[in-house]
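These notes concern the structure reproduced below.
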Amino acid sequence: MSELSIGGTANYLFGTINQTTDVIYPGTITYFNSKRERSIQVSDFTFNGGLQTHFTIDSIKSKGQRRLLKQKIKIGFGFFINTPSSIRAKQNNIIYNYSVDGFGIARSKDTILNSQNIAGTIKLPLEMGVGFSIKKGEKLTVLMDAATTNWSGFKYFDAPSNDFKNSYRVSAGLNYIPNKLAYGSSNYIKRIQYRLGVSYTDGYLDLKNTAISNYFVSAGLGLPVGIGRFDDIAIVNISAQYGKMGTVNNKLLQEEYVRLVLGFTFNKRWFIKYKYD
């Protein structure tokens, strides 16, 4: 038995990005400080799509006979794509010199650049990926996915960036439930979901001809809350991640980090007409 789902989404991006850069010369009257204020207004649509399919193996052929499996195996495959998009944008730039008086107030001196409402585009890169999953019964689920992003095609107001490069990401994880149908306070531990995961990306930044990679491992628990059907119970999700980003090669920096995540999943069946009252 197989299933196929195809879908797509449209996104509307809007808002303003404000950036300020200051060059300050403390303790001198020879040079004026300088400031650059830039704002980018974005307003446009983006599109992405994907498909996924599942098929179930409920029996195997052994010694010329078909034998039913105690635990069905469900195999899934997915694909997604984020299409490259040219986002309409407007840019305002102002660069000026200033000094700070004895009261700590910035006093403008002269304006070096003042450009307003400059229209252009921001070209977002192509991204696509695939995923694979295996689910055995109601206990074990293993997932793997990989994706790539064409960051070398990114352009900001028609100007390509030499610091960006194509990147890829790979990740894998598993989810294990001893017995999701076990009820009663004495069997609560059997209903807990145990999770492990690992992820690696080589990064889209290329500094000093060196990739800025990022990888992490994670572990977590899914704690069921409430009573009811096994697929109608809220879950409190707790996880911890440990990772490293960057490198010490070519005198760059490497960051070690720990991240704690708390989330909630609410499951509830709505709009069901009961056959019996």
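The values are calculated or read from the model by the stated rules, or taken from the named source; none is laboratory data. This structure is a prediction, so every number in the text was calculated from the model and none was measured. Glycine also receives a Cβ, built like all others from the backbone with ideal geometry; neighbour counts cover every protein chain displayed.
Selection of the range 210-233 for residues being in a strand (DSSP E or B) and either modelled with pLDDT of 90 or more or within 18 Å of LYS139 (Cα to Cα) (or both) yields ASN214, TYR215, PHE216, VAL217, SER218, ALA219, GLY220, LEU221, GLY222, LEU223, PRO224.
Residues being under 19 Å from SER85 (Cα atoms), of a type in the set (Gly, Ala, Ser) and touching a residue at least 40 places away in the same chain (Cβ under 8 Å) are represented in the range 35-48 by at least one member. As a summary of the residue check, ASN162 satisfies the conditions (1) closer than 30 Å to SER39 by Cβ; (2) part of a strand (DSSP E or B); (3) over 22 Å from the mean Cα position of the chain (by Cα) except for the one numbered (2).
For the criterion of being more than 21 Å from the chain's Cα centre (by Cα) and surrounded by 12 or more Cβ atoms within 10 Å (Cβ to Cβ), ILE81 fails.
Within the range 104-125, restricting attention to residues that are crowded, with 16+ Cβ neighbours inside 10 Å and among the hydrophobic types (A, V, I, L, M, F, W, C), the residue that is farthest from LEU174 (Cα to Cα) is ILE122. Of the residues making up the range 157-209, those that are of a type in the set (S, T, N, Q) and at pLDDT below 80 are SER161, ASN162, SER185, SER186.
In the range 1-54, how many residues are surrounded by fewer than 14 Cβ atoms within 10 Å (Cβ to Cβ) and polar (S, T, N, Q)? Outline the logic, then answer.
As a first pass, look at the range 1-54 and keep what is surrounded by fewer than 14 Cβ atoms within 10 Å (Cβ to Cβ): 1-12, 14-31, 43, 45, 47.
The next check asks that each one be polar (S, T, N, Q); those that pass are 2, 5, 9, 11, 16, 18-21, 28, 30, 43.
Result for the range 1-54: 12.
Among the residues of the range 179-225, the one identified as in contact with a strand residue (DSSP E or B) (Cβ under 9 Å, 6 or more places away or on another chain), surrounded by fewer than 13 Cβ atoms within 10 Å (Cβ to Cβ) and of a type in the set (Ser, Thr, Tyr) is TYR188. Picking from residues in the range 165-201 that are of a type in the set (Val, Ile, Thr) and under 21 Å from the mean Cα position of the chain (by Cα), the one that is nearest to ALA240 (Cα to Cα) is VAL198. If you take the residues in the range 85-103 that are surrounded by fewer than 15 Cβ atoms within 10 Å (Cβ to Cβ) and in contact (Cβ under 8 Å) with a residue 60 or more places away in the chain, which one is nearest to SER34 (Cα to Cα)? The qualifying residue nearest to SER34 (Cα to Cα) is SER99. For the range 174-193, the set of residues classified as part of a loop (DSSP other than H, G, I, E, B) and among the β-branched types (Val, Ile, Thr) consists of ILE177, ILE192, listed by residue number.
Just give me the residues in the range 234-261 being outside any strand (DSSP E or B), β-branched (Val, Ile, Thr) and surrounded by 11 or more Cβ atoms within 10 Å (Cβ to Cβ), in sequence order. Across the range 234-261, the qualifying residue is only THR247.
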